[in-house]
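All remarks here apply to the structure that follows.
The values are calculated or read from the model by the stated rules, or taken from the named source; none is laboratory data. Just so we're clear, the structure is a prediction, and the values are computed from it rather than from any experiment. With ideal geometry, Cβ positions are generated from the backbone for all residues, glycine too; neighbour counts draw on all protein chains shown.
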Amino acid sequence: MTYDVVVIGGGNAAFCAALAARERKERVLVLERAPEDESGGNSRFTAGLMRVAYAGVDDLKKVMPDLSAEEIARTDFGTYTEDQFLDDMARVTEYRCDPDLTEILVKRSLDTVAWMRGKGVRFTAAWGRQAFNIGGRFKFWGGLTVEAVGGGPGLVESLTNSAKKHGIDVWYRARVTGLLMDDDGVKGVRVRREGKTVEVMAKSVVLAAGGFQANPEMRARYLGPGWELAKGRGTRFNTGDVIRMALDAGAAPAGNWSGCHAVAWERNAPEFGDLAVGDQFQKHSYPWGVYVNATGRRFVDEGADFRNYPYAKYGGVILRQPGQFAWQIFDAKVKAQLRDEYKIRQVTKRTANTLEELVKQLDDVDAEAALAELKAYNAAVRTDIAFNPNVKDGRGTQGLAIPKSNWANTLDTPPYEAYAVTCGITFTFGGLRINTDAQVMSTDGEPIPGLFAAGELVGGIFYFNYPGGTGLTNGAVFGRIAGSNAAAGSDH
Ligand SMILES: Cc1cc2nc3c(=O)[nH]c(=O)nc-3n(C[C@H](O)[C@H](O)[C@H](O)COP(=O)(O)OP(=O)(O)OC[C@H]3O[C@@H](n4cnc5c(N)ncnc54)[C@H](O)[C@@H]3O)c2cc1C
């Protein structure tokens, strides 16, 4: 059993690597630990949103050639330049992101998504989630414009079909348990396939097996105490084994090992993601309301920035609250603005006609303190400034210890609604060090011959926080580079 390139993982990064490898070499194998019906990793749980830099609608047509004249006429796509993407990455990672890797991520974003389109993945504009309808015209507000048709499930299905069409072998229930190494680098992998251990020899191996977010032991160890209590938003199979294998083989760790992407997530959601619900357990409309915790107090500036920027660190903020939960509270004025995910059946929701009644229904919350907090908040809102969801409107609060900086509406119009949330962890930021050719670097600072990596298990790109839609782009850009270089390297 010998392949030119073996790719470990069955998500977006893995399939992009496999498809790129197949452009140069015949024998490419994808090893996916999950059974087929749970395959696709975190990528399958996504909305399929992909952040790309674009100078205007002509660029977007490279990835969405089906955009009609009528759709273009009714949409203000604006631009999202490479400089803006670079600035966003630098700002949200507090200037820690690896500059060389980040530059590649940004500069190859559009071209890579266009390449995926060439491989059979179809994309559309994310009108539903990333644009506001203003007077009949859609305006994109955060530079995040492109999504895969069919979301994450559609993305994984198209990539899988494309791989099979290109003659790439895909094994399910094939868990890699070891890397075969000698002094000259990687020689293959040990796999437990359907319960039987086999060795597969390969000239190059691409690691694309995700982070360690589904492993409570590693979460507590690296993210810190309490993180074992978070809910997993995605696949239960990303338990960090391949990261550990690579470290044991001499790979260098990189990046923000104590950091992760984590969001507000339904308090009573299951331990890991549920493919039937996808990302709908998330509760992202907090900028239009307020949070209170068990002590009845607000604890975060809900209007600090557009949702796409701070949302990925607010899961951790909720985890640090007593009991690891909080309630999001809205009034009827913003009900129409609540995202679809508030309308699903699996929500912990309370409704009341007065704030007095509402606070009494908030499980595990000091009702008296909560009522006082909501009244103080109402009194502090700058009602002289108009509410405008499309810009940071400056309609904030005055004089509160924890301000709300934008979109502060008074809670005064019944019925009031409250939703219970906890911390949902998406993926971990720490991982393996790679160079700009996606080669895994050793602790001695040299590339490990034959070993490449891409996606969630790479460290050094995201720190503290993350601009929405960058995970898939990251996996695609570096997956493509890894696969292509793995195949080129396998000539030797
Ligand atoms: C609910 C949710 C919504 C999201 N929404 C978005 C979004 O809209 N846009 C965006 O850009 N990002 C989003 N993300 C983040 C995104 O999912 C990840 O950044 C991206 O999918 C990571 O891709 P990957 O290929 O590196 O990992 P994955 O897609 O997780 O793939 C890892 C694969 O490795 C396999 N594996 C693990 N261990 C082994 C082993 N030992 N042997 C063999 N196989 C193994 C797993 O089974 C899995 O198939 C979201 C995440 C979640 C959970």
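Among the candidates Ala230, Ala276, Ala262, which residue alone is within 29 Å of Met441 (Cβ to Cβ) and either of a type in the set (A, V, I, L, M, F, W, C) or within 14 Å of the ligand (Cβ to nearest atom) (or both)?
Going through Ala230, Ala276, Ala262 in turn, just one is within 29 Å of Met441 (Cβ to Cβ) and either of a type in the set (A, V, I, L, M, F, W, C) or within 14 Å of the ligand (Cβ to nearest atom) (or both): Ala262.
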Counted residues, the range 166-205 - those being assigned to a strand (DSSP E or B), more than 20 Å from Pro447 (Cβ to Cβ) and of a type in the set (Ser, Thr, Tyr): 2
What single numbered condition from (1) in contact with a Phe, Trp or Tyr (Cβ under 9 Å, 6 or more places away or on another chain); (2) farther than 21 Å from Glu94 by Cβ; (3) surrounded by 24 or more Cβ atoms within 10 Å (Cβ to Cβ) fails to hold for Leu432? (1)
Among the residues of the range 292-302, is any acidic (Asp, Glu) and away from the ligand (no atom under 16 Å from the Cβ)? yes
So, first residue in contact (Cβ under 8 Å) with a residue 60 or more places away in the chain in the range 81-106, second residue assigned to a loop (DSSP other than H, G, I, E, B) and among the β-branched types (Val, Ile, Thr), Cβ within less than 7 Å, six or more apart or across chains; the pairs are Cys97/Ile461; Asp98/Ile461; Asp100/Thr436; Leu101/Thr436; Leu101/Ile461; Thr102/Ile461; Ile104/Thr436; Leu105/Ile461
Out of the range 454-482, which residues are under 15 Å from Asn256 (Cβ atoms) and among the polar types (S, T, N, Q)? Asn465, Thr470, Asn474
Which one is modelled with the highest pLDDT among residues in the range 183-223 that are farther than 26 Å from Gly430 by Cα and more than 16 Å from the ligand (Cβ to nearest atom)? Met201
Conditions (1) modelled with pLDDT of 95 or more; (2) within 13 Å of the ligand (Cβ to nearest atom); (3) of a type outside the set (D, E, K, R); (4) in contact with a helix residue (DSSP H, G or I) (Cβ under 9 Å, 6 or more places away or on another chain); number of the one not met by Gly154: (4)
Out of everything in the range 193-205 that is crowded, with 24+ Cβ neighbours inside 10 Å and over 23 Å from Ser43 (Cα atoms), what residue ends up being nearest to the chain's Cα centre (by Cα)? Ser204
Long-range neighbours under 7 Å by Cβ, at least six apart or interchain, first residue among the basic types (Lys, Arg) within the range 442-466, second crowded, with 24+ Cβ neighbours inside 10 Å: none
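Residue-by-condition table, conditions (1) at pLDDT 95 or above; (2) within 14 Å of the ligand (Cβ to nearest atom); (3) over 29 Å from Gln346 (Cβ atoms); (4) acidic (Asp, Glu):
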| site | (1), (2), (3), (4) |
| --- | --- |
| Ile425 | yes, yes, no, no |
| Phe429 | yes, yes, no, no |
| Arg433 | yes, no, yes, no |
| Phe452 | yes, yes, yes, no |
| Phe462 | yes, yes, no, no |
| Val477 | yes, yes, yes, no |
| Arg480 | yes, yes, yes, no |
| Ala487 | yes, no, yes, no |
Scan the range 206-225 and report the pairs whose first residue is buried (at least 24 other Cβ atoms within 10 Å of the Cβ) and part of a loop (DSSP other than H, G, I, E, B) and whose second residue is at pLDDT 95 or above and among the acidic types (Asp, Glu), with Cβ atoms within less than 8 Å and a gap of 6+ or a chain change. Ala209/Asp241; Gly210/Glu456; Gly211/Glu456
